[in-house]
Every structure is written in C-alpha cells, then in structure tokens.
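K.L.:
Supplied in structure tokens, the structure appears directly below.
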Amino acid sequence: MEPGDAARLGPGRAARALPPRLLLLLLLLLPPPLLGRGLRAAAAASSSGAAAEDSSAMEELATEKEAEESHRQDSVSLLTFILLLTLTILTIWLFKHRRVRFLHETGLAMIYGLIVGVILRYGTPATSGRDKSLSCTQEDRAFSTLLVNVSGKFFEYTLKGEISPGKVHSVEQSDMLRKVTFDPEVFFNILLPPIIFHAGYSLKKRHFFRNLGSILAYAFLGTAVSCFIIGNLMYGVVKLMKIVGQLSDKFYYTDCLFFGAIISATDPVTVLAIFNELHADVDLYALLFGESVLNDAVAIVLSSSIVAYQPAGLNTHAFDAAAFFKSVGIFLGIFSGSFTMGAVTGVVTALVTKFTKLHCFPLLETALFFLMSWSTFLLAEACGFTGVVAVLFCGITQAHYTYNNLSVESRSRTKQLFEVLHFLAENFIFSYMGLALFTFQKHVFSPVFIIGAFVAIFLGRAAHIYPLSFFLNLGRRHKIGWNFQHMMMFAGLRGAMAFALAIRDTASYARQMMFTTTLLIVVFTVWIIGGGTTPMLSWLNIRVGVDPDQDPPPNNDSFQVLQGDGPDSAGGNRTKQESAWLFRLWYSFDHNYLKPILTHSGPPLTTTLPAWCGLLARCLTSPQVYDNQEPLREEDSDFILTEGDLTLTYGDSTVTANGSSGSHTASTSLEGGRRTKSSSEEALERDLGMGGQKVSSRGTRLVFPLDDNA
C-alpha cells in the first residue's frame with residue numbers, strides 16, 4: 001500500500017483499512033512530517049466516520065420508535081372497536097331486560113360509534129411536520145407504488161387515493177384517525193362472509209319456499225325496477241345541481257345507475273329482529289327475510305354489471321345497445337357462475353363429511369366446515385365472480401345436505417359459531433358507520449343530492465312493492481294484503497351491504513358523494529324506521545305471537561309454495577302448472593337421488609336406481625341408511641314443506657305417513673318384524689294444492705302423478 005492510499009479509502013475507512021501490526025510497522029517506517037499529516041488525516045477520518053455512525057444509529061432508533069408507536073396506535077384502534085362492541089352488548093342486555101324496543105342493537109352500535117368518532121375527530125391532537133407535497137409534473141398518471149430516493153436511501157409509498165386540489169392542505173394529520181379508517185377490502189373479505197353465510201345457513205326453508213315465487217319477484221324484478229327508477233331520478237337531481245352550480249366535478253348517468261343499484265340493497269335487520277322477538281306473521285317475515293337475502297346478491301351483481309358497461313366510441317357514458325346487452329349477459333353470467341360455485345362447494349363439503357370419519361373428531365369437522373364455507377367467498381372473488389352470491393348459496397346447500405352428516409357436537413358448534421360471527425361482524429360494521437361519519441376524510445356533503453336521494457328511494461320502494469304485489473296477488477290464493485304491503489314499504493331499511501358497496505370505491509368525486517349520502521340514509525333508516533317498527537305493527541293490525549315453526553291447519557290455504565299454486569280454472573295459466581311441475585320434479589329428484597348420495601338420510605340408492613346400477617348404488621349409499629333405526633333429520637333447517645299423506649314402499653314393505661299437522665311418524669312392516677321410523681322428507685300434496693290426487697312411491701322412489709290439472 002502506498003502512503004496516499006489511506007486518503008483514497010474515503011472517510012471513516014482509513015483507520016479500519018489496515019491491521020494493527022501492519023499499522024505499527026508503517027508508523028515506524030514513515031518520516032516524521034508525513035507521519036504527522038497521516039495521523040491528522042486518520043483522526044479526521046475517524047471523527048467523520050464516528051459522526052456518520054452516530055447519525056445512522058439515531059435514524060434507526062427513530063425508526064424503531066415510530067414502528068413501536070404505530071403498533072401501539074393499532075392496538076388502541078382495535079381496542080376501541082372491542083370496547084364499542086362490549087358496551088353495545090351490555091346495553092342490549094339492559095334493553096332486553098327492560099323490554100325496550102324503540103332502538104335496535106345496530107342503532108346502539110351506531111350511536112356509540114358516533115360518540116367515539118366525535119372524540120377522535122375533535123379530541124386527538126394533529127401530528128404535523130411529517131407530510132410534504134411534492135410535484136411530479138412529468139408523469140400523466142398515478143402509480144400504485146412509488147420508490148422515493150431520500151439521501152441515497154429508498155423508501156416505498158403506496159397509493160391511498162386522489163385528493164381534490166382544494167383539500168391538499170387540509171389532509172388529516174392525526175395518526176389515530178388514519179388508524180381507525182379501515183381498508184374497504186376488510187369489509188368484503190372479513191366481515192361480509194359470515195353475515196351472508198349465516199343468512200343462508202339459518203334460512204327457514206319451510207316458509208321461504210312457500211313464498212318462493214313472490215320472493216323471487218321482489219328480489220330480482222323489484223330490485224331492477226328500484227335501481228332504474230332511483231338512477232333516473234338521481235340523474236335529474238344531478239342535472240339540477242349542475243344548473244344551480246352545486247356540482248363541482250363530473251357525475252355521469254352510469255354513476256347515477258350505480259348509486260341506484262347499491263342503495264337498492266335492503267337490510268331490514270332491525271325490523272326482522274323485532275319480528276322474530278314478537279313472533280310476527282310468518283308469511284310477512286318470510287317475504288321480508290327472503291327478499292333481503294336475495295336482494296343483496298342481486299344488488300351487488302347489478303352494480304358490477306353497471307361498472308362493466310363500456311360503450312364503444314369516444315363517449316364512454318352514452319347509451320349503446322350492444323354494451324347494454326353485454327352488461328345483461330355479464331349479470332347473468334356472474335350470478336349463475338357464483339350460484340354454481342357456491343352450490344358445488346357445499347356439495348363437496350357434504351361428500352367429504354359423508355365419506356370420511358371426521359364425525360369422530362368434532363373439532364376437525366367444525367374447522368373444515370368453517371374453512372370450506374369461508375373459502376367459497378374468496379374463491380368466487382378470485383375467479384371474477386361475486387362472493388356474496390356464492391357464500392349465500394353455499395350456506396343454503398350446507399344447511400340442506402352437509403348439516404345431516406355432521407356430528408351432534410359439530411351441528412351445535414357450527415350454528416353457534418356463525419351466529420356469533422354474524423352478530424359481531426354486523427355490529428362492528430354499524431359501529432364503524434357511526435365512526436366514519438366523523439373520521440372519514442373524503443366526505444362530500446351535498447344537501448340537494450341527499451334530499452333527492454331520500455325522495456328517490458321512497459318512490460323507488462313504492463314502485464317496487466305496490467305494483468308487484470298487485471300482479472302477484474293475481475296468482476295467489478292468499479293475497480298479500482295492504483297491511484303487509486305497507487309494512488314491506490316501511491321496512492325497506494338500508495344497512496351493511498349498501499355501506500360496504502359504497503365504501504369499496506371512494507376514489508372519485510361522484511363516489512365520495514354517494515358514500516356520504518349512503519351513510520346518512522343508513523343512519524336515518526336504522527334510527528327512525530327501526531325504532532318505529534313496533535308501533536307500525538300495531539297500527540297496521542299485523543298479528544304477532546305466531547310460532548314460526550308451527551304448521552298451519554290442513555285446511556288453511558294461507559301458505560303457498562309458488563305464486564302459481566292454487567285451484568286452476570278451465571282456462572288456467574300454463575305458467576302456473578309448469579312452475580308447480582318443475583318444483584315437484586326437483587323435490588322428487590332431490591329425495592330419491594341427491595339426499596341419499598350426499599347425506600346419511602333418504603332411501604337407499606339400491607331401491608331408487610335401476611338394477612344395473614347396483615354396484616354404484618351400494619358404493620354411494622351410506623351404511624347408516626341401513627343400520628339406523630331412525631333416519632337422520634335436519635331439525636328446523638330441512639323443513640321445506642309440511643307433511644301430507646305419503647305412501648312409501650320398501651320392496652314389499654309399506655310406509656304410511658300420517659298427514660295430520662304436527663305428526664312426523666311413520667310405521668313400516670318388515671319381514672323380520674315391525675319398527676317405527678321417522679319420515680325424512682315432507683310431502684307436497686297439501687301445499688301444492690293437489691287436493692285428492694294420490695302420491696305414491698315404489699321402491700321408495702317418489703312418483704308424483706302429473707296431469708293437465710296439476
């Protein structure tokens with residue numbers, strides 16, 4: 001090494017470049033003048049290196065403190081929501097103890113969220129001095145991730161959204177407010193799945209299928225009507241805002257339709273909870289609950305179809321027939337694909353629980369059931385479908401098939417698990433709604449738009465309920481009375497689904513205005529309409545104290561399966577006959593084939609399949625079907641129809657089911673003796689209005705005689 005090499009090594013490295021022995025030899029060989037200069041240079045370099053090391057250590061210490069502070073704020077934000085839920089639960093107990101019904105638990109959660117939001121908004125200090133605006137005029141678009149070079153060190157930044165020029169200097173500086181603002185994907189991937197799955201898993205199919213035609217009409221046709229009426233009315237409101245100068249950015253017709261789709265998602269959780277507590281009329285409960293369950297699925301697919309509407313040409317917001325029909329095709333494709341995916345996942349879970357010994361390990365069985373159900377939502381989203389639709393029909397399929405295969409412990413655990421998750425997730429969302437009213441950073445309050453939205457949803461709900469009810473009553477023996485129609489009109493609350501759809505995209509000015517308006521509508525409907533449910537029931541003379549699981553008398557014609565059932569006249573509508581025929585065909589197929597394949601209940605496949613399928617039938621039939629003295633039943637989740645007169649034949653043995661209401665026993669004569677057996681399915685005769693027609697079964701295969709009068 002030359003004498004000048006130490007200086008070329010750079011600051012902070014001269015003293016560390018040479019080993020100690022070599023350094024001592026160098027000191028002895030160097031002349032005194034050069035030695036002095038070398039020592040001074042080494043001292044200066046050592047001092048500079050030490051200063052650099054101290055600066056780096058201070059930066060690392062500051063980074064560690066900032067990370068620790070961020071972790072502490074994360075814990076505080078989560079603790080805030082847990083305390084809100086705890087306080088809500090205690091207040092719910094107090095209200096139930098005092099029999100207070102003017103405010104539901106969701107309204108309580110929202111009130112507590114509002115209080116905490118005010119405290120966080122105006123009671124937490126701002127942390128200024130760490131944010132700085134930098135101009136980047138060379139780029140014409142925003143990037144999702146940026147790498148910024150700061151003094152030779154690279155830092156990664158992610159995009160959080162667009163800020164209007166007038167709000168650049170008023171960006172929220174409170175770290176605590178930022179922490180309590182969740183990523184919208186948290187609502188869709190974490191909080192929504194248990195809410196939607198519980199709706200399908202706890203569905204009372206007995207009353208659901210009795211009103212299936214009306215429910216489908218309200219959910220599909222009614223939601224579409226409501227969407228287009230609200231969208232067109234809001235487009236007029238937007239034009240008015242533009243004329244009076246209250247519209248500061250772009251707001252297209254497709255944005256209005258999108259708002260109509262998300263705000264058409266009803267969530268009468270408050271009304272249904274009061275109905276359940278008071279045991280209100282089961283038909284009314286089924287209509288409201290069934291509409292709300294399917295309505296959420298239709299609203300989310302409809303909103304996705306509107307977003308996918310892309311006309312050809314320069315004007316991407318003009319009407320284009322090709323783009324319109326493409327959006328309709330997207331709607332049908334997404335809905336049918338999501339439905340298929342949910343049903344297939346439920347079938348796979350049923351097969352796994354049937355052909356394995358998981359029932360010997362209830363913990364593993366419950367864990368698999370939980371993971372398979374939740375993965376349905378994520379799988380549908382990953383494949384480009386809608387997780388809400390998939391997980392809804394997965395829940396219905398799980399309740400119809402998989403529930404039969406679970407052990408007693410797993411049945412209880414799955415019901416309680418999803419009930420608790422549904423309760424916590426729903427109240428968490430409503431707490432966050434109250435919190436977001438003050439902590440959300442991108443609110444756009446427009447009085448004209450808000451008032452117009454309230455008027456539009458009222459008119460849209462009226463056009464949804466009353467005309468459809470009129471046409472449905474033309475095909476129903478038991479009419480939907482005016483008191484039912486008024487109650488359904490009154491109970492059109494907006495809730496968690498509308499909020500989740502609105503908060504998912506708040507990047508543009510139009511979406512921010514939609515979110516703010518949606519939040520105010522949800523708050524108003526939950527507090528005002530939810531609180532007025534009990535007086536409205538009394539004012540409309542709707543009966544309460546009805547047991548939802550009680551069968552109606554045999555001659556009671558107030559419960560229907562489809563809108564097409566009823567006595568047919570000579571010129572009866574062919575559509576009514578086809579609807580009943582299709583439902584009977586599905587019921588027979590499900591009883592004879594699907595139930596035996598997917599569950600431990602139902603007739604043996606050896607008696608329903610042809611003789612040449614004997615090997616396959618023996619492989620797919622569970623041994624429990626032959627061994628069990630009483631076939632497994634699905635408790636309250638498998639009651640599609642009430643039991644009527646039904647004759648089953650096992651070879652030479654005859655099973656006769658008593659058609660009287662409330663009787664679910666059947667006697668059978670076997671060659672080796674006699675035993676009592678429970679009927680695993682419910683007949684269709686009384687509910688389909690078949691009168692004196694004979695329902696027979698040969699080899700346990702249900703055969704429904706179908707003629708022109710069916």
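K.L.:
Note down all Cβ pairs under 7 Å where the first residue falls in region 64-90 and is open to solvent by 50 Å² or more (accessible area, probe 1.4 Å), the second is at pLDDT 90 or above, and they're at least six residues apart or on different chains.
P.N.:
Qualifying pairs under 7 Å: L87/Y112.
K.L.:
For region 493-523, give me each residue that is small (G, A, S) and open to solvent by 10 Å² or more (accessible area, probe 1.4 Å).
P.N.:
A507, S508
K.L.:
Are any residues in region 524-536 modelled with pLDDT of 85 or more, touching a helix residue (DSSP H, G or I) at 6+ places or on another chain (Cβ under 9 Å) and either more than 16 Å from N483 (Cα to Cα) or open to solvent by 50 Å² or more (accessible area, probe 1.4 Å) (or both), and if so, which ones?
P.N.:
Matches in region 524-536: F524, T525, V526, W527.
K.L.:
Let me ask something additional. How about region 498-534: which of its residues are among the polar types (S, T, N, Q) and in contact (Cβ under 8 Å) with a residue 60 or more places away in the chain?
P.N.:
Within region 498-534, T506, S508, Q512, T516, T517, T518, T533, T534 meet the criteria.
K.L.:
I need the helices (runs of 4 or more DSSP H) fully contained in region 314-398, keeping only those with at least 3 residues that are free of Cβ contacts under 8 Å to residues at least 24 places away in the same chain and not acidic (D, E).
P.N.:
Here the list reads 321-355, 362-382.
K.L.:
What number of residues within region 434-490 satisfy the criterion of being open to solvent by 60 Å² or more (accessible area, probe 1.4 Å) and β-branched (V, I, T)?
P.N.:
Selection size over region 434-490: 2.
K.L.:
Would you say T106 is among the hydroxyl-bearing types (S, T, Y), surrounded by 11 or more Cβ atoms within 10 Å (Cβ to Cβ), closer than 21 Å to A436 by Cα and in contact with a Ser or Thr (Cβ under 7 Å, 6 or more places away or on another chain)?
P.N.:
Taking the combined requirement at face value, the residue satisfies it.
K.L.:
Evaluate region 231-247: report whether one residue or more is part of a loop (DSSP other than H, G, I, E, B) and surrounded by 19 or more Cβ atoms within 10 Å (Cβ to Cβ).
P.N.:
yes
Results for (1) in contact with an Asp or Glu (Cβ under 6 Å, 6 or more places away or on another chain); (2) at pLDDT 80 or above; (3) in a helix (DSSP H, G or I); (4) among the basic types (K, R), shown as yes or no for each residue.
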position	(1), (2), (3), (4)
R13	no, no, no, yes
R21	no, no, yes, yes
L26	no, no, yes, no
R37	no, no, yes, yes
A51	no, no, yes, no
A57	no, no, yes, no
T63	no, no, yes, no
R72	no, yes, yes, yes
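K.L.:
Further question on the same structure: Would you please list the contacts, defined by Cβ atoms under 9 Å and residues six or more apart or on different chains, that run from a residue in region 98-111 that is among the charged types (D, E, K, R) to a residue that is open to solvent by 70 Å² or more (accessible area, probe 1.4 Å)?
P.N.:
R101/E277; E105/I89
K.L.:
Now for a separate question. Checking K357 against (1) surrounded by fewer than 20 Cβ atoms within 10 Å (Cβ to Cβ); (2) under 18 Å from the mean Cα position of the chain (by Cα), only one condition comes out false. Which one?
P.N.:
The failed condition is (2).
K.L.:
Out of everything in region 102-138 that is at pLDDT 70 or above and of a type in the set (D, E, K, R), what residue ends up being nearest to H422 (Cα to Cα)?
P.N.:
Per the criteria, the residue is E105.
K.L.:
Still on this structure, please answer the following. Restricting attention to region 406-418, and to residues there that are in contact with a Phe, Trp or Tyr (Cβ under 9 Å, 6 or more places away or on another chain) and in a helix (DSSP H, G or I), which single residue is most open to solvent (accessible area, probe 1.4 Å)?
P.N.:
Among those residues, the one meeting the criterion is R413.
K.L.:
Do you know which residues across region 271-295 are in a helix (DSSP H, G or I), open to solvent by less than 20 Å² (accessible area, probe 1.4 Å) and among the acidic types (D, E)?
P.N.:
D283, E291
The values are calculated or read from the model by the stated rules, or taken from the named source; none is laboratory data. All figures in this text were calculated on a predicted structure; none of them were measured in a lab. Counting neighbours? That spans all protein chains shown, and the Cβs are built from the backbone with ideal geometry, glycine included. Keep in mind that these areas ignore ligands, DNA and RNA; they rest on the heavy atoms of the full protein, side chains included. Shrake-Rupley method; radii C 1.70, N 1.55, O 1.52, S 1.80 Å.
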